[in-house]
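Notes to accompany the following structure.
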Amino acid sequence: MQSPLPLLDTTMDQLRTLLAVREAGTALGAARTLGREQSSVQKQLDTLNRNFSNLCGEPLVLKQGRGKDVLFTDTGETLVEMARRTLGGWLDEIHECRRRLGGTLTVATTRFTLRYLADAGQYVSEEFDRRGVELKVVHVRSGDLFGRLRAKQVDLVCGSVVTRTDDVDELADYDVMEWRRSGLSLVTNLPPALLPGPTMRTSELPTLPLVTPVGGLITDFLRGWFGADYRATLDISAEIDTVHYGFELLRSELSRGALLVTKGIGEAAEQGRLPEGQGLRTIELIDDIAPGLQVLAGLFARRGERAAHPVDHPLNLLWEAFAQQDARWKQSRTVGVDEQDG
């Protein structure tokens, strides 16, 4: 009895060819996309056309003349959609098998935590290369950290989340390597007569014109302190997409007020490590509203997944690499800027 594998390979290849023709419009365009000869693509297309004409009474595509895109029939469009679903599911399953067996490891980082991965990666790069482990890196924003983990789109996340300072365990579903906990600061162009400093209470925020991000960690703080309708309580002079734009806005003097940032970013601006903070003052924000809120910067994985793998699985090797790097950071007391809006 003939093995079904060659037949499966042929079918998958024909479906890939059909999708390429649908995207490119012609057999020549599909051949360029697939890196094949046009005659090979045309032969597969003719075979599919003949087979489906016999099976369904209608071919998949109709020729419209030299140089023109082929016309897909209703049967052809139906098969194209089936091919997309089939190949998509097939590739997803292959990726899941490679991930489970340690052939692929996907790590998500925010903009500000990418260097943490780069530093930790030096401990495992040689071993990963030797074993042929594919390390994939994807960008993630703070608000989507756990969504990516729950959906199994990534294996590890480097980033920051807002947590409560009471005993409520909001991270029970995750393994957590904590790097730093901190609050918020204000970076301002207001004169000392209007905002003396060096500290200010959270409950006093409604008295200031504020520059706030439209999403991310800072809005999580504001909702926690002032409710979902925090904009009705606060005097928001400007909303921004990135913290860097907020710095530029304050330095331009087009807006006068205070920019809410994570404490790490405030410290970096105050110490001159952020050039865009030049000429601005940093005010420490004292949280006096219950429940207390903090930024937790760290590494996150799905609870129990590391324990389900052997110690030499790439997931555990990279986790241990982060632990080694974290120990070095804390020993040298050079923990870097935590992130705000990814």
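The values are calculated or read from the model by the stated rules, or taken from the named source; none is laboratory data. What you see is a predicted model; the values in this text were computed from it and never measured. For neighbour counting, all protein chains shown are included, and Cβ atoms are generated from backbone atoms with ideal geometry for every residue, glycine included. Heads up: the accessible areas ignore ligands, DNA and RNA and are worked out on the full protein's heavy atoms, side chains in. Shrake-Rupley method; radii C 1.70, N 1.55, O 1.52, S 1.80 Å.
When residues in region 251-279 are screened for being closer than 19 Å to Glu204 by Cβ and exposed (fewer than 13 other Cβ atoms within 10 Å of the Cβ), 0 of them pass.
On the given criteria, is Thr188 surrounded by fewer than 16 Cβ atoms within 10 Å (Cβ to Cβ), more than 30 Å from Ala327 (Cα to Cα) and touching a residue at least 12 places away in the same chain (Cβ under 8 Å)? Give the steps one after another, and end with the answer.
Numbers: surrounded by fewer than 16 Cβ atoms within 10 Å (Cβ to Cβ): no; more than 30 Å from Ala327 (Cα to Cα): yes; touching a residue at least 12 places away in the same chain (Cβ under 8 Å): yes.
Against the criterion (surrounded by fewer than 16 Cβ atoms within 10 Å (Cβ to Cβ), more than 30 Å from Ala327 (Cα to Cα) and touching a residue at least 12 places away in the same chain (Cβ under 8 Å)), Thr188 does not qualify.
Scanning region 227-263 for residues that are within 23 Å of Gly292 (Cα to Cα), charged (D, E, K, R) and assigned to a strand (DSSP E or B) turns up just one, Asp235.
Give region 43-79 a look and list any residue that's closer than 18 Å to Asp13 by Cα and surrounded by fewer than 18 Cβ atoms within 10 Å (Cβ to Cβ), or say none. Even if it seems obvious, please write down each step before you answer.
Taking region 43-79 and keeping what is closer than 18 Å to Asp13 by Cα, we get 43-52, 60-61, 76-79.
Correct list: Lys43, Asp46, Thr47, Arg50, Asn51, Glu77, Thr78.
Taken over region 294-314, the criterion of being in contact with a strand residue (DSSP E or B) (Cβ under 6 Å, 6 or more places away or on another chain) and open to solvent by less than 20 Å² (accessible area, probe 1.4 Å) is satisfied by Val295, Leu296, Ala297, Gly298, Leu299, Phe300, Ala301, Pro314.
Kindly indicate whether Glu204 is open to solvent by 10 Å² or more (accessible area, probe 1.4 Å), closer than 24 Å to Tyr230 by Cα and either free of Cβ contacts under 8 Å to residues at least 12 places away in the same chain or not in a loop (DSSP other than H, G, I, E, B) (or both). So Glu204 fits the description; yes. When His309 is tested against (1) in a loop (DSSP other than H, G, I, E, B); (2) modelled with pLDDT of 90 or more; (3) more than 19 Å from Pro196 (Cα to Cα), exactly one condition is not met: (2). Applying a threshold of 6 Å to beta carbon distances and a minimum spacing of six or more residues, or different chains, the list of pairs starting in region 214-226 at a residue that is in a loop (DSSP other than H, G, I, E, B) and small (Gly, Ala, Ser) and ending at one that is open to solvent by less than 40 Å² (accessible area, probe 1.4 Å) and modelled with pLDDT under 90 reads Gly216/Ser142; Gly216/Asp341.
Would you confirm, using the coordinates I've provided, whether Ala108 is touching a Phe, Trp or Tyr at 6+ places or on another chain (Cβ under 7 Å), surrounded by 14 or more Cβ atoms within 10 Å (Cβ to Cβ), at pLDDT 90 or above and among the aliphatic types (A, V, I, L, M)?
no
Only a single item in (1) modelled with pLDDT of 90 or more; (2) hydrophobic (A, V, I, L, M, F, W, C); (3) touching a Phe, Trp or Tyr at 6+ places or on another chain (Cβ under 8 Å) is not met by Leu274, and it is number (1). On the stretch given as region 280-293, residues that are open to solvent by 30 Å² or more (accessible area, probe 1.4 Å), part of a strand (DSSP E or B) and more than 21 Å from Thr188 (Cα to Cα) total 0.
Restricting to region 109-136, count the residues that are closer than 23 Å to Val295 by Cα and touching a residue at least 12 places away in the same chain (Cβ under 8 Å).
Residues of region 109-136 that are closer than 23 Å to Val295 by Cα, as a first pass: 109-120.
Checking which are touching a residue at least 12 places away in the same chain (Cβ under 8 Å) leaves us with 109-117, 119-120.
Summing the residues that are closer than 23 Å to Val295 by Cα and touching a residue at least 12 places away in the same chain (Cβ under 8 Å) in region 109-136 gives 11.
Residues of region 55-74 that are assigned to a helix (DSSP H, G or I) and modelled with pLDDT under 85: Leu55, Cys56. Each residue in region 234-250 was checked for being in contact with a helix residue (DSSP H, G or I) (Cβ under 7 Å, 6 or more places away or on another chain) and either surrounded by fewer than 22 Cβ atoms within 10 Å (Cβ to Cβ) or within 15 Å of Leu205 (Cβ to Cβ) (or both), and 6 of them qualify. How many residues does region 49-66 contain that are more than 13 Å from Arg22 (Cα to Cα) and in contact (Cβ under 8 Å) with a residue 24 or more places away in the chain? Of the residues in region 49-66, 1 are more than 13 Å from Arg22 (Cα to Cα) and in contact (Cβ under 8 Å) with a residue 24 or more places away in the chain. Quick one: in region 207-229, of everything that is over 21 Å from Glu267 (Cβ atoms) and of a type in the set (S, T, N, Q), which residue is least open to solvent (accessible area, probe 1.4 Å)? Selected residue: Thr219.
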